[in-house]
Amino acid sequence: MLIIMKIRKIVTLAVLSASGFAVQAEVTADETLVITANRYEQPISTVLAPISVVTRAQIDQWQVQSVPEILKRLPGVSIGSNGGRGQLTSVFIRGTDSRHVLVLIDGIRMASAGVTGSIDFSQIPVALIQKIEYIRGPFAATYGSDAIGGVINIITESDEEKGEINVSYGSHAYQNYNLAVRHAISNSTKIAVAGGYESISGYDVHPIVGEPDKDGFRSKSFWVGINSQFSDEASGFFRGYGYANSTEYDGSAYSPENERQLYTHNFDTGIRLQKGENTTQLIVSYQRYKDYNYDKDLGKSSVTPVDITQKGIQLGNVYRLEQGAISGGVDFYQEVSEQNTTQQEYHSRTNTGLYLTGQKQISDFILEGAVRGDYNQQYGWHATWQAAVDWQFVENHSATLSYGTAFRAPSFYQLYNMAWTSENLDLDPEKSSQFELAFSGNYDLFNWRLSGYLNKIDRMIDIDPVTWGRYINLDKATIKGVELNVNFDTGFLSHNITAEYLDARYDGGQYDGRILARRPHKSLQYALDANLDALQLSLIYTYKGNRLDSNYSNDVLGGYSLVDIATSYKFDSGLIIRGKISNLFDKDYETALTYPNAGREYTMTLSYEF
């Protein structure tokens, strides 16, 4: 069952301590622990914001090939994709823009968003992922810039000691090979190594262009980590991971580039000190991205890449209270964009954030709050805060009221001179404020959550409609939504239902009253997972309503209904056979105009655990 408020599965402390604080909490053995909500470990039932958790076991059961495939199963998510595997993909959370989601890898923000403006989720290898924690709502008071619509924390560590080999084949000449080994080399030290290769010949993702070729994708990835317990009070870790991707796409007369190569390597290390109720952690991180887009007839050497470097330091402390905790610390990161063909100069900026979060249970109430100040080298100080209260008015039934502010700093692309725009160093951060009221019920085999939210976004950054020559603070938007999540078990069957209504519109200005593009008014999803010892089954039905394709045209993307099914069987020897059919009824649909979907696709996987 997909986690909405609570699931019954143990998540080991080592995974959480690698991505944040591992602080002992008074929880029952069947309680899931999460780290993203307040930057310290807590039972999922005490998280006041709507949260979903996807485990590695679920990823394997669903047999997804990409991060967007995972995210589209989660509440509040809409996807816009320029075709098949590896193509440019945007994620919209609760009606906010694709640039309004903060993406973390093991608790560390991904570097490219501050430079290019948003994260391309299609480029992140699924083979590296052990768990995803996804929180909806404003979290800038906890994490700083970008967390207007929500936070997605991709966790790459697992404490499970085992080895696994996976080999997959599928439609459009899809193939995937990956290996992972996790092993304790002593009583105090564990190491892990993983690597993978993926390729697909693809299909013609943009046939209207008149370039009748297959647009394929290839990816190589690696991951290595070590965790060591130095003493009863001190431990440390080191992680390194990276991937090299190549994507073919269709260019145009105005933009002849038709191939992309992306290279990234990332390293982070940290130490943790825990004494009594107090835990302190220091993390140092380094990320490097090189992104080439070029005409493959001319070759990669014909361009210079978007070259991004991010260095960061996180220092935090958690003090555990009776039925609560307080967390505070400082985040520092430096973003650097080197010279490239579209952005002609070297640019750099630093950001320092000071944060304080806390939660306390008093009788039938849980009180939660956070405050943060960010000093950015470009625009100075920006303060955000959030507060929430949960009242258990009847046993197993709660009402939650929350309010939060958030912001998003201008990206380098919006600030500085590009090939077709002039710089505007007077851009202000986008800002937002959101109210949310929710009611929930949690029982042994059944839980539900009904929420309504109102999000107002101001100073939205867009192209100047008069000169079309630079970015300016132009737009406002008002987003209203209702979200219903229901989970229940019937024997060996787990059911998850999500129904959503969304009204996301420009508020004032040139587009006053216009619906924001690629946000459907109505969405419905039903997921069924069955676990019969060695046999597993998974089925998901998804409906998305009509939506505009662009903020600048009246083209409408039609609504669609999809069904995916997957099954697997595990033998006593450790061999697992998996099979999946995506888009079972071969529906034609588009999530971006003139970029058709791949149609019905098949995948077969052989896995061996040792």
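The values are calculated or read from the model by the stated rules, or taken from the named source; none is laboratory data. Remember, predicted model here, so these are calculated numbers, not experimental data. Using ideal geometry, Cβ is built from the backbone for each residue, glycine included, and neighbour counts are taken over all protein chains shown. Accessible surface is based on the protein model in full, side chains and every heavy atom, while ligands, DNA and RNA are left aside. Shrake-Rupley method; radii C 1.70, N 1.55, O 1.52, S 1.80 Å.
Some notes on this structure:
- Alpha carbon convex hull of the range 158-234, volume per residue in cubic angstrom: 111 Å³
- Extension reserve of the His397-Ser422 stretch, reckoned as 0.36 nm per residue once the Cα distance is removed: 3.5 nm
- The relative contact order of the chain, computed from alpha carbon pairs under 8 Å that lie at least 6 residues apart in sequence, is 11 percent.
- Inter-part distance where the range 368-403 and the range 190-248 are each reduced to a Cα centre, Å: 34 Å
- Apolar share of the accessible surface for the range 379-420: 62 percent from carbon plus sulfur atoms, 1.4 Å probe.
- For Leu516, the residues 5 or more places off, or on other chains, whose built amide H falls under 5 Å of its own are Ala504, Arg505, Tyr506.
- Calculated mean projected area of the Cα convex hull in nm² (choose from (i) 38.0; (ii) 25.3; (iii) 27.7), label: (ii)
- Proximal aspartates and glutamates relative to Lys275, as straight alpha-carbon distance under 19 Å, when same-chain residues fewer than 8 apart are discounted: Glu26, Glu41, Asp232, Glu233, Glu322
- Computed over neighbours whose Cβ is under 9 Å from that of Lys162, the net charge equals -3, Lys and Arg +1, Asp and Glu -1.
- Whole-Å distance, taken between Cα centres, linking the range 452-526 and the range 106-163: 20 Å
- The string of couplings for the range 600-606 from the Karplus curve (6.51, -1.76, 1.60, θ = phi - 60°) is 5, 9, 10, 9, 10, 10, 10 Hz, one whole number per residue in order, with x for Gly and Pro.
- 3J(HN,Hα) from dihedral phi, the range 526-543, Karplus parametrisation 6.51/-1.76/1.60, rounded to Hz, x for glycine, proline: 10, 10, 10, 10, 10, 10, 10, 6, 7, 9, 10, 10, 9, 9, 9, 10, 10, 10
- Other-chain or far-sequence residues with amide H under 5 Å of Val205's (modelled H): Asp215
- Probe 1.4 Å - accessible area at Phe238, Å² to nearest ten: 80 Å²
- Listed values for the range 142-154 are Karplus-derived 3J(HN,Hα) couplings in whole Hz (6.51 cos²θ - 1.76 cosθ + 1.60, θ = phi - 60°), namely 9, 10, x, 4, 5, 7, 8, x, x, 10, 10, 10, 8, and x replaces Gly and Pro.
- Anchor Lys296: lysines whose Cα lies under 25 Å away (excluding residues fewer than 8 positions away in-chain): Lys214, Lys220
- For Arg519, the shell of other residues with beta-carbons less than 13 Å away shows a net charge of +4, using +1 for Lys and Arg and -1 for Asp and Glu.
- Sulfur and carbon atoms: percent of accessible area, the range 116-155 [1.4 Å]: 50 percent
- Over 19 Å (Cα to Cα) - which of Lys162/Lys190; Lys544/Lys587; Lys72/Lys522; Lys72/Lys311; Lys131/Lys162 fall in this group: Lys72/Lys311
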